[in-house]
1. Within a Cβ distance under 13 Å of W145, other residues only, what is the Lys/Arg minus Asp/Glu net charge?
2. Starting from the Cα coordinates of segment 26-118, work out the convex hull volume and express it per residue in Å³.
3. Can you tell me the FRET efficiency between D47 and A141 if r is taken as the Cβ-Cβ distance and R0 is 25 Å, rounded to the nearest 0.05?
4. Where the eigenvalues come from the Cα gyration tensor of the chain, what are the semi-axes √(5λ) of the equivalent ellipsoid, largest first, in whole Å?
5. So if I take the centroid of the Cα atoms in segment 1-56 and the same for segment 101-176, what is the distance between those two points in Å?
6. When a/c is below 1.5 the answer is rounded, else prolate if a/b is larger than b/c, else oblate, so apply that to segment 124-176 with a ≥ b ≥ c taken from the square roots of the Cα gyration tensor eigenvalues.
7. Quick one: 3J(HN,Hα) in Hz for segment 57-70, Karplus 6.51/-1.76/1.60 with θ = phi - 60°, rounded, Gly and Pro as x.
8. So, in nm, how far is label D36 from label R108 when the simple model puts each one 7 Å beyond its Cα toward the Cβ?
Amino acid sequence: MSQKEPDFRELLAVARHSAVHLELRDAYGVGNEVDDFEHWRRTGQRDVDPASAYWTPWVELVRSTAARGVSFRRARVVSEPVMDYIRYEHAGTVVNLHAGEQVRWLPRRHASDIAFPGNDFWLFDGETVLFNHFTGAGDWADPKWEVRSEPAVAALASTAFEAVWERGVPHEKFSV
């Protein structure tokens, strides 16, 4: 009988000091945000209420994890001019910050010499990588994720993230 790979919440629950997320795509189409994105495209209005049904689960998860001493950093590599989806993400990032994340943005043209893994990822405590798998349209692929803990894989993810973080522009200073 094979063991199920841990998911994001399980890995976060055992994180001791850090959770970093590197996003490399210019658009996503995951089911749980498609309606919100389409509403933003039609109206220009984004839900930025940390207490809304859309945001509460994330805000509570980040806050409870941060209360254990785990820091959250998110870095996004984006093409310029940015696509609508990136504008949508940027508009909602105020809630990520409110929850306790730090967020930076790096224009893709400043990342040409950074070696990246082939997928977006979360890296927990510099040791365990959860790679996110997406379809070409940006929805979750099957399987949705892959967990790797080989030191060389974790080192690649860590090096890539830290290079983006070092060059990245803090959210408050990045305009779209």
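1. -2
2. It is 116 Å³ per residue.
3. 0.45
4. 24, 20, 17
5. So the separation of the two Cα centres works out to 14 Å.
6. Note, shape of segment 124-176 comes out oblate.
7. Each residue of segment 57-70 in turn: x, 5, 4, 5, 5, 5, 4, 5, 6, 4, 5, 7, x, 8 Hz.
8. 2.4 nm
Bear in mind these aren't lab numbers, they're just calculated from the coordinates by the rules spelled out. In this text, all values refer to a predicted model and were calculated from it rather than measured experimentally. Cβ atoms come from the backbone with ideal geometry, glycine included; neighbour counts cover every protein chain shown.
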